[in-house]
Amino acid sequence: MKMVAYTDEQVEQYLLDELPHWTYENGWIRRKIKTSSWKSTLMVVNTVGHLAEKAWHHPDMTVSYAFVIVKLVTHSEKGITDKDFQLAKKIEEVVMWDAAETSQGVFEGTPDDPRFKYIKQDK
């Protein structure tokens, strides 16, 4: 399926409106997810990997002890397309989900305790 790549200005505006924690750098949309430990980093990598495989659209990732950088581009179109934006939205929705804030009290969320820290939420 042929996709149309967005212009640089369109990408910047989309990120501003829809994905404020993502940036546009060197032709890629990019998100740095801060974690609390290697275990947390691996959970993020596996989650992003699962989502990407289901979408059949695979990001580049930089993996370190306390962060993961996810980068997306549609190589076949040599630019950012709806594929990139939709996968970025799904990654944001799943990885950055704060159960305590969005579940109307059903879930308590990860305890505020260093032993259980996981994702460092962008506030």
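The values are calculated or read from the model by the stated rules, or taken from the named source; none is laboratory data. Just so it is clear, the model here is predicted, and its values are computed rather than measured. Every residue, glycine as well, gets a Cβ built from its backbone with ideal geometry; the counts of neighbours run over all protein chains shown. Surface accessibility is based on the protein's heavy atoms, side chains included, excluding ligands, DNA and RNA. Shrake-Rupley method; radii C 1.70, N 1.55, O 1.52, S 1.80 Å.
In straight-distance terms, cross-link reach from Lys120 covers every one of the lysines whose alpha-carbon lies under 22 Å from its own, apart from those fewer than eight places away in the same chain; here that gives Lys32, Lys34, Lys39, Lys71, Lys89, Lys90.
Roughly speaking, to the nearest percent, how much of the chain's 1.4 Å accessible area is carbon and sulfur? Kindly include the intermediate steps, with their values, before the conclusion.
On the way: 4210 of 7950 Å².
Result for the chain: 53 percent of the exposed heavy-atom area is carbon or sulfur.
Ranked from the most accessible area to the least, with a 1.4 Å probe and all protein chains present, what is the order of Val70, Val45, Val63, Val106? Intermediate values should be presented prior to the final figure.
Numbers: Val70 0, Val45 30, Val63 65, Val106 110 Å².
Highest to lowest solvent-accessible surface, that is Val106, Val63, Val45, Val70.
Proximity of backbone amide H atoms, modeled 1.01 Å from N, is registered between Phe67 and Thr35 at under 5 Å, excluding neighbours fewer than 5 places apart on the same chain. Heads up, I need the accessible area for Lys120: 1.4 angstrom probe, whole protein in place, Å², nearest 10. Probe radius 1.4 Å; accessible area of Lys120 about 110 Å².
Could you work out the per residue convex hull volume over the alpha carbons of the range 28-123, in cubic angstrom?
101 Å³
Ordering Val70, Leu19, Val106 by Cα displacement along the dipole of the chain toward the positive end leaves Val70 in first place; charges were set at the Cβ atoms of Lys, Arg (+1) and Asp, Glu (-1). By a 1.4 Å probe calculation restricted to protein chains, Phe107 has an accessible surface near 110 Å², given to the nearest 10.
Taken along the Cα-to-beta-carbon direction at a fixed 7 Å, the label points for Thr102 and Ser64 span 2.6 nm. Heavy-atom accessible surface of the range 26-123, averaged per residue, reaches 61 Å², computed with a 1.4 Å probe.
Over the chain, calculate the relative contact order: mean separation of alpha carbon pairs under 8 Å at least 6 apart, over the residue count, as a percent. Result for the chain is 28 percent.
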